[in-house]
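Have a look at the structure below, then the notes.
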Amino acid sequence: MMMRSFLIIILLLTGASVLAAEEAGAGHEFTADLSDQAALQRGARTFVNYCLSCHSAAYMRFNRMGKDLGIPDVVLLENFMFGTDKVGNTMTISLMKDDAVRYFGVAPPDLSVTARARGAEWLYNYLMSFYLDPAKPTGVNNLTFKDVAMPHVLWELQGFQQAIYVEETGIDGLPVKKIDHLELIAPPKNKPAAYQNETYEQTVSDLVNFMVYMGEPIKLQRYSFGVWVIFYLVFFLIITYFLKKEYWKDVH
Ligand code: HEC
């Protein structure tokens, strides 16, 4: 009985992970890594320059980010803040909800905790999988988020991808066209200077890592905390060992 329920649980778990993998869309694997502060700073730079015009991140304060990522206030003011001049402010935007709905049909959601809601791998795939689709008002569609209302805002960093189709036989026996993969057909021409030396994959990876940090800023502190906890435990292990030796000396 135990064995059977155990097997059922295993089956359910593997089934769930297959589903999750299919949802990722473009099929890239991605695991967040918050250990590289320079990468997080680059991600923050991309976020404030390319996302913060439409999306807010209302739970993130500029100076909290500065403190966590080692960015001094002067640099924050000069390079990271465009809509406000108070480092204690949160990342709100001036785009009004009504206007946004008029422009895009739907308001861009706040991105503070999106990395937690969608997962890092989903986000990575989402930003990798915009492709040209003349049928859409924005001129693009997305493999991971079908018919998304967001334009391909990072086009000057990635360029444009085209969908390559394959023909398959559908359940009704008729041929159906399915997207096989995406191909870069128009690489970026004038990448901004700050991005000249990095690939689009790196840019997106840094950006997603930043968004993972933003979703749970305390994570960074937990990491450095963790190291001290391990030190403490090892230290006490040694003390306990010698204590044990001391106690047992008389018994033997
Ligand atoms: C020109 C405005 C605009 C900019 C700039 C923009 N977005 Fe969006 N974004 C949208 C809109 C509109 C939606 C809603 C799409 C929908 O629901 O169809 C959206 C949706 C999203 C979603 C899906 C959220 C969810 O969980 O449903 C993510 C993730 C996202 N954007 C990330 C980004 C990132 C990262 C950037 C910066 C690189 C960015 N966006 C820049 C307009 C924008």
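The values are calculated or read from the model by the stated rules, or taken from the named source; none is laboratory data. Computed from a predicted structure; not experimentally measured. Glycine also receives a Cβ, built like all others from the backbone with ideal geometry; neighbour counts cover every protein chain displayed. Accessible surface is based on the protein model in full, side chains and every heavy atom, while ligands, DNA and RNA are left aside. Shrake-Rupley method; radii C 1.70, N 1.55, O 1.52, S 1.80 Å.
In the assembled protein chains, H181 presents an accessible area of approximately 70 Å² (probe radius 1.4 Å). Treating only the Cα positions of the chain as identical point scatterers, give the base-10 log of I(q)/I(0) from the Debye formula at each q in 0.07 Å⁻¹. Reported log10 I(q)/I(0), two decimals: -0.37. For the range 123-252, with all protein chains in place and a probe radius of 1.4 Å, 64% of the accessible heavy-atom surface sits on carbon or sulfur.
For D99 and K136, the difference between the fully extended length at 0.36 nm per residue and the C-alpha to C-alpha distance is 11.4 nm. Compute the Cα gyration tensor for the range 99-151, then decide on rounded, prolate or oblate, letting a ≥ b ≥ c be the square roots of its eigenvalues: rounded whenever a/c is under 1.5, prolate when a/b is larger than b/c in the other cases, and oblate in all that remain. Note, shape of the range 99-151 comes out oblate. Based on Cα contacts under 8 Å between residues 6+ apart, the range 21-84 shows a relative contact order of 33 percent. Using C-alpha pairs under 8 Å with a sequence gap of at least 6, the mean separation divided by the residue count of the chain gives a relative contact order of 22 percent.
Normalising the average separation of contacting C-alpha pairs (under 8 angstrom, six or more residues apart) by the number of residues puts the relative contact order of the range 104-228 at 27 percent. Restricting the trypsin sites (Lys or Arg not before Pro) of the range 140-191 to loop positions (DSSP other than H, G, I, E, B) with no more than 14 neighbouring Cβ atoms within 10 Å leaves K146, K189. Quick one: how many lysine pairs in the chain have C-alpha atoms under 24 angstrom apart, if they're 8 or more apart or on different chains? Here the count comes out as 11. Once the Cβ-Cβ distance of A193 and K86 is raised to the sixth power relative to R0 = 30 Å, the FRET efficiency obtained is 0.60.
Considering helices alone, the calculated mean residue ellipticity of the chain at 222 nm is -15000 deg cm²/dmol, with DSSP H runs of length four and up weighted by -39500 (n - 2.57) and normalised per residue. Have a look at F104, W228, Y131 and report the one farthest towards the positive end of the charge dipole of the chain, computed about the Cα centre with Cβ charges (Lys/Arg +1, Asp/Glu -1). Highest projection toward the positive end goes to W228. Estimated from the Cβ-Cβ distance and a Förster radius of 41 angstrom, the FRET efficiency linking E29 and L243 is about 0.30. Between V74 and I218, full extension at 0.36 nm per residue minus the direct alpha carbon distance yields a gain of 49.5 nm. Taken per residue, the accessible surface of the chain reaches 66 Å², heavy atoms only and a 1.4 Å probe. Is the C-alpha gyration tensor of the range 116-252 telling us rounded, prolate or oblate? Criteria: a/c under 1.5 is rounded; beyond that, a/b larger than b/c is prolate, otherwise oblate. Since a/c reaches 1.5 and a/b is larger than b/c, the shape of the range 116-252 is classed as prolate. Would the range 40-92 count as rounded, prolate or oblate if I go by the C-alpha gyration tensor, calling it rounded below 1.5 in a/c and otherwise prolate when a/b exceeds b/c, oblate otherwise? Verdict is rounded for the range 40-92.
The range 236-252 and the range 81-127 have Cα centres separated by 58 Å.
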